[in-house]
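The values are calculated or read from the model by the stated rules, or taken from the named source; none is laboratory data. In this text the structure is predicted, and so the values were computed from the model without any measurement. Quick reminder, even Gly has a Cβ in these numbers, built from the backbone with ideal geometry, and neighbours come from all protein chains shown. Ligands, DNA and RNA are excluded from the accessible area calculation, which covers all protein heavy atoms including side chains. Shrake-Rupley method; radii C 1.70, N 1.55, O 1.52, S 1.80 Å.
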Amino acid sequence: DLAENIAELEKMEKLRRDFVANVSHELRTPLTIIRAFNEALMDGAIDDPDKVKEYQRSIKEETVRLERLIQDLLDLSRLQSQEFDPDEEKIPLATIADSVVTRMRQTADHKHIVIDWNSQAAAPFIMGNGDRVTQLLVILLDNAIKYTPSGGAVTVGIHVEQDQAVLTISDTGGGIGPEDLPYIWERFYKVNKSRSRDDSGTGLGLAIAKHIIDLHHAKAEVRSCPGQGTTFTVTFPLAGI
């Protein structure tokens, strides 16, 4: 038992060190860019109006990136806290999904991606926190759109199986290799290490999604094949069961 406890403590310490190292890395890059561009503007080294606007735009983009990272870190901290109360109530899953799909259509249209939304259940009710379920759907749908090429399609569906509400989000993107699938829920894990900064996000979205899924006593399954897209399936217990 002592050996097992020591091994568990060592594992937790490694996870803590890795997390701190990853956060430091994610913070350092935008801060370095902001500082360098700001110094160039303050020193008067850049006087071309177009170049000045380009530097200002880059500073704004990196600031937004920092804000998003900090917000995601705060969300993750709250979700991991044992004191977190999801404020459960009966919520209509299909209604929330319909609202999220409506919000995300503009992003999809901009990439010429079709969202096929189909609910076979008018309003299956689940127990949970509406804001968190909305956040979960935004994360999964945003990822599906982000990694689907122009001209592709994303399919969102909800149906009821016995005492469960089943949510599926499928895309026609590049897919995830079998060597990456076991790790996609981990903090800061990125499937495509060569992705540009514009596409990389914070690396915390699926980690947050997994905590939301667990808090709602739901189960998640991911099926993917390189070159053939990915399907996320989340199964929620129906309210009252």
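Just a few scattered comments:
- Options L76, L69: the member that is of a type outside the set (D, E, K, R), in contact with a His (Cβ under 9 Å, 6 or more places away or on another chain) and surrounded by 14 or more Cβ atoms within 10 Å (Cβ to Cβ): L76
- Failed condition for Q82, given (1) under 30 Å from T233 (Cα atoms); (2) of a type outside the set (D, E, K, R); (3) at pLDDT 90 or above: (3)
- Of all residues in segment 1-57, those satisfying the criterion of being modelled with pLDDT of 85 or more, part of a helix (DSSP H, G or I) and loosely packed, with under 10 Cβ neighbours inside 10 Å are M42, P49, D50.
- Of all residues in segment 116-138, those satisfying the criterion of being closer than 15 Å to F232 by Cα and crowded, with 21+ Cβ neighbours inside 10 Å are V133, L136, L137.
- Any chance G151 is small (G, A, S), surrounded by 15 or more Cβ atoms within 10 Å (Cβ to Cβ) and at pLDDT 90 or above: no
- From the list I145, I158, I176, the lone residue that is open to solvent by less than 10 Å² (accessible area, probe 1.4 Å) and within 16 Å of the chain's Cα centre (by Cα) is I145.
- Considering the conditions (1) closer than 18 Å to I139 by Cα; (2) in contact with a Pro (Cβ under 7 Å, 6 or more places away or on another chain), Y183 is excluded by exactly one of them, (2).
- R78 vs. criteria charged (D, E, K, R), assigned to a helix (DSSP H, G or I), out of contact with any strand residue (DSSP E or B) (no Cβ under 9 Å at 6 or more places or on another chain) and more than 22 Å from P30 (Cα to Cα): yes
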